[in-house]
Amino acid sequence: MTAYNLDTNLVTPGVLGFLVVAAIGLALYFLIKSMNKQISKIEVPHEADLARENQAARQAATGNHDRPVAPGKKE
């Protein structure tokens, strides 16, 4: 038996429960803000840049520097 007669339907988390949830929410906000900042620093190459690099690599490999090769076409 418990020392107190508590009605389990009336017991609530109270101020401490609210503060814990608020602190977790605040931490989540700052973590997401930091994550977005870090992700925005990542440079993703565009497809046109990748195609140019592939074309330059193919021309360097074949030694053909006179005529450019259209992207997607094989020599």
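Quick notes on this one:
- Summarising the label geometry, the points placed 7 Å from Cα in the beta-carbon direction at GLU43 and LEU28 lie 3.5 nm from one another.
- The accessible area of VAL20, taken with all protein chains in place and a 1.4 Å probe, comes to roughly 70 Å².
- Selection of GluC sites (Glu not before Pro), the range 1-58, meeting DSSP coil and at most 12 other Cβ within 10 Å: GLU43
- Take 21-31, 4-14 and order them by the average number of nearby Cβ atoms within 10 Å per residue, most first; the result is 21-31, 4-14.
The values are calculated or read from the model by the stated rules, or taken from the named source; none is laboratory data. No experiment lies behind these values; they were computed from the predicted model shown. Here Cβ is always computed from backbone atoms with ideal geometry, including for glycine, and neighbour counts include all displayed protein chains. The protein model used for the area step is the full one, side chains on, heavy atoms only, and it has no ligands, DNA or RNA in it. Shrake-Rupley method; radii C 1.70, N 1.55, O 1.52, S 1.80 Å.
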